[in-house]
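Step one of this worksheet: look at the structure below.
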Amino acid sequence: MKWKRLSPLILIPSLVFLLLFFYYPILLILKDGLSPAALGEVLGDSYYRKVILFTFEQAIASTILTLALGLPGAYLFARYDFPGKRFLRALLTVPFVMPSIMVAMGFIILFGRNGVITNLVGRDLGIIYSWKGIILAHAFYNFPVVVRMLSALWQRINPHYEEAAMSLGARGFTLFRKVTLPMLYPGILASAMLTFIFSFLSFSIPLIIGGYKYATLEVAIFTEIMTLLDFRRGSALAVIQLALSFTFMYAYLKSLELYSRAEEQRVFRRTERLTTKEILSVKGLLILLYSAVVALFIVAPLLAVVYESFTYGGRPTLLWYRRLFEAEYNPLFASDSLHAIGYTFLFGFSTVFLSLLIALPIAYALRRWSFPGKRLFDTAVMLPLGSSAIIIGLGYIKAFHRGPLLLLGSPYLIASAHTVIAYPFVLRALLASLGKIKQNLREAALTLGARDLTAFLKVELPLAMGGLLVGAIFAFAMSVAELGATYMIYRPEYTTVTIAIYKYLGTRQFGPASAMGVILILVSLVGFLIIEKTGEEVW
């Protein structure tokens, strides 16, 4: 009984961290941004109305394109087995945790005025510095979300349903539309909502590929704060974005409940080998055409970055990689490459440690306790997922620029920002993994005298180690890829790889930027190969 009274105390460190490094900065933004005069000024300006409308339009278009590209891929991964399948899934997941600035660079190298595709075609396709480029880059970035979520659900559709429908005469598209598609709705809805949120909150891609002509809310907030130094108007824009993104995030969590229930099915469809007959058929031709589209828009930007890192003036070179490991001061980002790489990994490991420390007690509470307002609590602890890096950066500038919490520019604040951004993914991975554990295992431990927390730590948590590992890898990958919040609060001595890449791109030095990017690509690829081994998901 005494332990039951004390057990809520395990939540205190997690809640204190979230109160200090998320809710407090957000409240300061709301305090300034909820001014009727500031909101009226922003909403009364035709430019900002266009920005808000375009943010919606590009997010909707990006979601539709991502679903169109991802659905066939999800079908192939769920239905067929082929050599290199795990490696390919891991490779196709890398874009999601690549720095979005690297995504922009890959598209510039391919589709820019002197890009590879532009030179092959013989004319500028008008993709870079346009709304088309933003949508294509968002589809590249979010493609893994749709493929992984839908393929995981597709594999769990009981084949007996389709067999029964086929015995009644359903075939081809009719079978898919009437039987398979309705069972995929939870996955389609959840992946669409997540893609929409990421596209709505995207920063680097609209900034670099769209420019100020195609500014989104994120770009507008960043411009007001970092360029025009207008915190009042920037806060008003942030309030509008927060209200919208929190609404979308709540809708995503509701869709995730449906997805989680659908994913609980224990029947796994056996994958088939692609036969020579199928490869030579119309289906094989369609698979080939689809693979070519994926190669062009999903794999090619990654390969373009790798290629650029090994060339100088059109000739092969290792110059950019040699420079990575030289401790020579670079005035461009007021540090050196070795320190940038070192701090990137330091922040990454710190983010993993802090994210696990915060997510574990919350996962335990959500998994084990029943209390009034539990759903509201679940939504509250997931609110960071609906906040952008730019808004977190703005909140930190407001909250920590003076005593007694003078932390602006410190490495501790950067690690905290990365943790706030990454920890929701750790929490979701843990909850998804814990949800698959049979209740009777815990009950057996309790009958043998184990306390509730002991049963959680010694029985359930070891069984959920795959989810824990997946969450840790995601936290690390998201930390090393983070740019927006870091750029707003860092000091030059704590330059990270993503900031160095951003500085290089500003002076169009693609070679050194690509070499740094290749390091992040390799780290992400290794991480997702490990995830493939676990068989767990984080969405």
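The values are calculated or read from the model by the stated rules, or taken from the named source; none is laboratory data. None of these values were measured; they are calculated from a predicted model. Because the Cβ atoms are built from the backbone with ideal geometry, glycine has one as well, and the counts that use them run over all protein chains shown.
So that you can scan it fast, the table gives a plain yes or no per residue for (1) in contact with a Ser or Thr (Cβ under 9 Å, 6 or more places away or on another chain); (2) at pLDDT 85 or above; (3) outside the structural domain of Phe400 (by TED's automatic domain parsing); (4) crowded, with 24+ Cβ neighbours inside 10 Å:
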position	(1), (2), (3), (4)
Phe476	yes, yes, no, yes
Val480	yes, yes, no, yes
Tyr490	yes, yes, no, no
Val497	yes, yes, no, yes
Ser514	yes, yes, no, yes
Leu525	yes, no, no, no
Ile530	no, no, no, no
Lys533	no, no, no, no
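Report yes if Leu28 is more than 18 Å from the chain's Cα centre (by Cα), farther than 19 Å from Ala238 by Cβ and either at pLDDT 90 or above or aliphatic (A, V, I, L, M) (or both), otherwise no.
Criteria not met by Leu28.
Sort out which residues of segment 184-213 are crowded, with 17+ Cβ neighbours inside 10 Å and aromatic (Phe, Trp, Tyr), and write them in order of number. It would help to see each step written out before you state the result.
Filtering segment 184-213 for residues crowded, with 17+ Cβ neighbours inside 10 Å gives 184, 186-210.
Listed by number, the residues that qualify are Phe196, Phe198, Phe200, Phe203.
So that you can scan it fast, the table gives a plain yes or no per residue for (1) over 17 Å from Ala74 (Cα atoms); (2) surrounded by 20 or more Cβ atoms within 10 Å (Cβ to Cβ); (3) modelled with pLDDT of 75 or more; (4) under 33 Å from the mean Cα position of the chain (by Cα):
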| site | (1), (2), (3), (4) |
| --- | --- |
| Arg148 | no, yes, yes, yes |
| Arg156 | no, no, yes, yes |
| His160 | yes, no, no, no |
| Glu163 | yes, no, no, no |
| Leu168 | yes, no, no, no |
| Arg177 | no, no, no, yes |
| Pro182 | no, no, yes, yes |
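Here are the criteria: (1) part of a helix (DSSP H, G or I); (2) of a type in the set (Ser, Thr, Tyr); (3) surrounded by fewer than 23 Cβ atoms within 10 Å (Cβ to Cβ). Tell me which single one Thr351 does not satisfy.
Only one criterion is unmet by Thr351, namely (3).
For segment 369-379, does any single residue satisfy the condition of being modelled with pLDDT under 85 and under 30 Å from Ala137 (Cα atoms)?
yes
Every residue, every condition in (1) among the aromatic types (Phe, Trp, Tyr); (2) at pLDDT below 85; (3) surrounded by 20 or more Cβ atoms within 10 Å (Cβ to Cβ), yes or no:
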{"site": "Asp45", "(1), (2), (3)": "no, no, no"}
{"site": "Lys50", "(1), (2), (3)": "no, no, no"}
{"site": "Ile60", "(1), (2), (3)": "no, no, no"}
{"site": "Leu65", "(1), (2), (3)": "no, no, yes"}
{"site": "Arg86", "(1), (2), (3)": "no, yes, no"}
{"site": "Val94", "(1), (2), (3)": "no, yes, yes"}
{"site": "Val103", "(1), (2), (3)": "no, yes, yes"}
{"site": "Lys132", "(1), (2), (3)": "no, no, no"}
{"site": "Tyr141", "(1), (2), (3)": "yes, yes, yes"}
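With respect to Leu394, determine if the residue is surrounded by fewer than 24 Cβ atoms within 10 Å (Cβ to Cβ), under 15 Å from Tyr24 (Cβ atoms) and either in the same structural domain as Gly484 (by TED's automatic domain parsing) or modelled with pLDDT of 90 or more (or both).
Answer is no for this residue.
Restricting to segment 21-42, name every residue that is in contact (Cβ under 8 Å) with a residue 12 or more places away in the chain and hydrophobic (A, V, I, L, M, F, W, C).
Phe21, Phe22, Ile26, Leu28, Ile29, Leu30, Leu34, Ala38, Leu39, Val42
Looking at segment 280-322 only, could you name the residues that are over 26 Å from Ala139 (Cβ atoms) and either in contact with a helix residue (DSSP H, G or I) (Cβ under 6 Å, 6 or more places away or on another chain) or charged (D, E, K, R) (or both)?
Tyr312, Arg315, Trp320, Tyr321, Arg322
One residue is enough: does segment 34-44 have a residue meeting the conditions in contact with a Leu (Cβ under 8 Å, 6 or more places away or on another chain) and over 30 Å from Ala295 (Cβ atoms)?
yes
Hey, Pro95 hits all of (1) in contact with an Asp or Glu (Cβ under 9 Å, 6 or more places away or on another chain); (2) in a helix (DSSP H, G or I) but one; which does it fall short on?
Pro95 satisfies all of (1) in contact with an Asp or Glu (Cβ under 9 Å, 6 or more places away or on another chain); (2) in a helix (DSSP H, G or I) except (1).
Cβ-Cβ below 6 Å, separation at least six or inter-chain, first residue in segment 116-142 and at positive phi, second of a type outside the set (A, V, I, L, M) and surrounded by fewer than 24 Cβ atoms within 10 Å (Cβ to Cβ): which pairs?
That search, which allows pairs on different chains as well, returns Tyr129/Gly211.
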